[in-house]
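Just below is one structure, and these are the notes that go with it.
The values are calculated or read from the model by the stated rules, or taken from the named source; none is laboratory data. Every value quoted in this text rests on a predicted model; they were computed, and no experiment measured them. We place every Cβ from the backbone using ideal geometry, glycine too, and count neighbours over all the protein chains shown. To get the accessible areas, we keep the full protein, side chains included, count just its heavy atoms, and leave off ligands, DNA and RNA. Shrake-Rupley method; radii C 1.70, N 1.55, O 1.52, S 1.80 Å.
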Amino acid sequence: MFESAIDAHCMQNDAHPPRTPGNPWQFLLVGGRGWPKLGWWNLLAPHAAIGEMSADEGVSLPTAGRFQVILSNFMKPQAILLLSAIVLLPCTARAANGKITNDKCLECHSDKDLTKELPDGKKVSMFTDEAKQKASVHGKNQCADCHKDLTADHPDDEKAAKPVDCASCHEKQSKSFGASVHGIALHKGNDTVANCKDCHGTHEVFPRISPRSTIHITNLVRTCGQCHGQEADDVTASVHGQAILKGKGEAATCIDCHAEHQIVGLRNPAASFQTAEACSKCHASERINSRFGMPNDRVKTFFESYHGLAATGGSTTAANCASCHGYHKILRSSDPDSMIHPTHLMETCGKCHPGASASFVGGKIHVDEDHSGETGMVVNRWVKKIYIILIVLTVVLLGLHNGVAWWRKVVARRRANGEMVMRMDRGQRMQHFVLMSGFVVLAVTGFALKFPNTWFAHLMGSEEIRRWIHRVAGLVLIAGGIYHICYVIFTATGRKLVGDLWPRWRDARDVVTNVNHLVFGKPKARFGRFGYPEKIEYWAVVWGTVVMGVTGVAIWCKIDVTRWLPRWIVEVAITIHYYEAILACLAIIIWHFYHVMFDPDVYPMNWAWLDGKVSKKWHDEEHPLEAETEAERESPDSPGKES
């Protein structure tokens, strides 16, 4: 339109050649390309007298006369066209970007009578209340921000608007919705289930805390009831629905049980445990129980019962909360319509226990056995105490009997072994004891800190006690490691120990030889003082002590560490500390315990850790090279011996 006005001006005045493409605003101000000495002034005063004026000619017009000429020319057709173009230019630029404007949308959708007929013949309103839309959470959005598929040609292009993709802004919520029962059904092609707009609305979306919102606590049951009518009626009649009507903000609503976007169905047998978990969110809360005058032990006693234990173990048939109390129409036990009213208990329990009698259903379900004053519970407590005493006495007496018998047989077998040889001296045994005891304490306290709900964690008291026992044991182990370093450096026996434990190429050959022995039955490897099993274990202990010591100190002194190193160093240290502990414990159980306990040749144990001695027969079989070396050293014909 604007460019047409310029062309009209040129055709009428015939003073300048046709324009060339350029910026129209440039023409208005100073004259664009192809418009020499032509500006907005020339258009408003196109006669020759003013059109030919120039600064070079020094010609001017009185101010009053110039104003009269301009005013008279405002009424000319070409001037009107120019002014119209200037006014409409923003609208032209808006349409040029391909998006439809709000004003154009409201030309049709502000009509309250505008409707659309669906394929099933149902008519739906297409009216949009601009005032309510602007008051919603999307009030600052343009229509095209959501209806991205609509262009400036709508509705002339006869292309209907596509469903709005809420995920373009609400990605996380849409992802959760996609995993819900509604989202899965939509993905399978069922377009009758609820989507975003069915719950949140279309143009009048308000925050959840707003009473105008469709998902406000007072409106949520009604919103869900659009599809789930019977369930909504049941909830309204339930203790939860009545609490909502009374303004109790803590009362459970649909989304408290079924979740917000990732909505789950709780009637499926596979959701038995989820149902109990859903109820636990409120009924295990001391604050909510206190506010509504409910007992605090309902969830605890359920999970301690057979039903709760079975549900926790994954049973899909064990009764859960809803099996007895109902899913939506949950009423007080005193309500005659309640599933747990005395008049309905036989029917309720009979669903899982056919033939349930009045006596069967007369027992209490949510009962704290340790505090109940009922006759049955008192008798039950005494029976429990008697059995605990009986169990302790039985285990202690039988254990003592068999323990003494075991010890006598072990001593007799050890004496029958004949000649003994020294394997570990006193100093080495003391170092082994410090290592062994420190390792056991560290393992138990460490896993107790990692898993504080385990039975062995409770035996050690509070977290602070476990933590300090763990730290002290760590310091003892580090001190033992430092002592061992001094031992192997400054003592002859220590240096010889390290020399005998030092890895050599022969060890690799021994591994191959022993594999052939274990697999094909060929002769086994012949070891000296230490074979590759002892060497692997020794150097693994060295490695583990260093790693656990360094990472343990880093975790303990994390504030000081982070003054020099990034915080993630501490996180990595925690990971290494944990998995190195698992590796060390498994290695001790699988490797060390076999060689010193479970090996049939040494069962029930290798006694060297206690008195340092082993039988000469076993020593000669397991370490023949050392035995031969000792024999040569003691032989009268060996070098250095007098004849």
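Listed conditions (1) over 26 Å from residue 542 (Cβ atoms); (2) modelled with pLDDT of 95 or more are all met by residue 601, apart from (2). Summed over region 331-384, the residues that are closer than 23 Å to residue 319 by Cα, of a type in the set (Ser, Thr, Tyr) and open to solvent by 80 Å² or more (accessible area, probe 1.4 Å) give a count of 3. A search for C-beta distances below 6 Å between a residue of region 525-548 that is of a type in the set (A, V, I, L, M) and any residue that is open to solvent by 40 Å² or more (accessible area, probe 1.4 Å), counting only pairs 6+ apart in sequence or on different chains, returns 525/513.
Of all residues in region 424-454, those being in contact with a helix residue (DSSP H, G or I) (Cβ under 6 Å, 6 or more places away or on another chain) and free of Cβ contacts under 8 Å to residues at least 40 places away in the same chain number 4. Applying the criterion of at least 3 residues that are open to solvent by 60 Å² or more (accessible area, probe 1.4 Å) and closer than 25 Å to residue 480 by Cβ to the helices (runs of 4 or more DSSP H) found wholly in region 519-638 leaves 532-556, 568-587.
If you go through region 385-414 and keep only what is under 15 Å from residue 605 (Cα atoms), open to solvent by 60 Å² or more (accessible area, probe 1.4 Å) and charged (D, E, K, R), you end up with 408, 409, 413. Of all residues in region 461-500, those satisfying the criterion of being touching a residue at least 12 places away in the same chain (Cβ under 8 Å), buried (at least 17 other Cβ atoms within 10 Å of the Cβ) and not charged (D, E, K, R) are 469, 470, 473, 474, 477, 478, 480, 481, 484, 487, 497. Residue 300 passes every criterion in (1) crowded, with 18+ Cβ neighbours inside 10 Å; (2) assigned to a helix (DSSP H, G or I) apart from (1). Each residue in region 202-225 was checked for being surrounded by fewer than 17 Cβ atoms within 10 Å (Cβ to Cβ), of a type in the set (Val, Ile, Thr) and more than 20 Å from residue 124 (Cα to Cα), and 2 pass. Inclusion of residue 417 among residues that are of a type in the set (S, T, N, Q), closer than 19 Å to residue 606 by Cβ and either out of contact with any Asp or Glu (no Cβ under 9 Å at 6 or more places or on another chain) or surrounded by 12 or more Cβ atoms within 10 Å (Cβ to Cβ) (or both) is warranted. Is it true that residue 409 is within 54 Å of the chain's Cα centre (by Cα), basic (Lys, Arg) and either in a helix (DSSP H, G or I) or modelled with pLDDT under 95 (or both)? Against the criterion (within 54 Å of the chain's Cα centre (by Cα), basic (Lys, Arg) and either in a helix (DSSP H, G or I) or modelled with pLDDT under 95 (or both)), residue 409 does not qualify.
Considered as a group, the residues in region 112-147 that are surrounded by 13 or more Cβ atoms within 10 Å (Cβ to Cβ) and charged (D, E, K, R) include one that is farthest from residue 213 (Cα to Cα), and that residue is 145.
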